[in-house]
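The values are calculated or read from the model by the stated rules, or taken from the named source; none is laboratory data. Keep in mind that this is a model prediction, so the values were computed, not measured. Cβ atoms come from the backbone with ideal geometry, glycine included; neighbour counts cover every protein chain shown. For accessibility, only protein heavy atoms count, side chains too; no ligands or nucleic acids. Shrake-Rupley method; radii C 1.70, N 1.55, O 1.52, S 1.80 Å.
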Amino acid sequence: MSLSRKAAIVGIAHLPFSKNIGTPERTNAMRVTMQALDDAGLRPEDVDGMVKSGLEATSEMEMCRGLGIENLRFFCEMGYGGGQGSGAIAVAAAAVASGQADVVVCWRARNR
């Protein structure tokens, strides 16, 4: 199945690169997710899917509670590695293309 024209990246955001940005990873994850949703013209209530890195300390439950995501229908955790970021995007696109979710957020927040 081709994913062409079945899913799109519509919002993106990042925080400044830093070894320690001065706020907890959980706060950073929620902050950058809100920025990406704002960039896309979406609200947390629109999100029904999430993909995170296997090394991400912030859980999907914390993200849902903190952001007000009400109906998470799809979730995936990608193992860490050089292709983890592109793998997360591919899984998110497949979830949208297959009807498992409509709006999927991919995130990674670090303080290292």
message = In whole Hz and in residue order, list the ³J(HN,Hα) couplings for the range 51-59 that follow from phi through the Karplus curve 6.51 cos²θ - 1.76 cosθ + 1.60, θ = phi - 60°; x for Gly and Pro.
response = 9, 10, 6, x, 9, 5, 7, 7, 7
key: the range 1-56: trypsin sites (Lys or Arg not before Pro) in DSSP coil with no more than 13 other Cβ atoms inside 10 Å   = Arg5, Lys6, Lys19
key: Solvent exposure ordering (accessible area, 1.4 Å, most first) of Ile69, Ile89, Ile12, Ile21   = Ile12, Ile89, Ile21, Ile69
Lys, Arg +1 and Asp, Glu -1 on Cβ, resulting dipole of the range 1-77 about Cα centre, debye, nearest 20 = 180
request  = Note the angle between two axes, namely the Cα long axis of helix 84-97 and the longest principal axis of the Cα atoms of the chain, as a number of degrees from 0 to 90, rounded to the nearest 10.
outcome  = 40
query = Shape call for the range 24-97 from the C-alpha gyration tensor, a ≥ b ≥ c root eigenvalues: rounded (a/c under 1.5), prolate (a/b greater than b/c) or oblate?
reply = oblate
For Arg73, residues with placed amide H under 5 Å, excluding near neighbours = Gly49
Residues listed by number, the range 86-112, amide nitrogen under 18 Å from Glu45 label point at 7 Å toward C-beta = 102-104
key: Inter-centroid distance (Cα atoms) of the range 80-112 relative to the range 1-70, Å   = 10
message = Keeping all protein chains in the complex and leaving out DNA, RNA and ligands, what accessible area do you get for Asp38 with a 1.4 Å probe, in Å² to the nearest 10?
response = 110
query = Sorted by accessible area (1.4 Å probe), largest first, how do Val32, Val47, Val10 line up?
reply = Val10, Val32, Val47
request  = Return the calculated 222 nm mean residue ellipticity for the chain, to the nearest 500 deg cm²/dmol, obtained by summing -39500 (n - 2.57) across DSSP H runs with n ≥ 4 and dividing by the residue count.
outcome  = -10500 deg cm²/dmol
key: In degrees, nearest ten, helix 25-40 long axis to first principal axis of the chain (Cα)   = 40
ask   = Whole number please: convex hull volume per residue of the Cα set in the range 64-110, in Å³?
value = 79
task = For Thr27, Thr33, give the ranking by accessible area with the largest first, probe 1.4 Å.
result = Thr27, Thr33
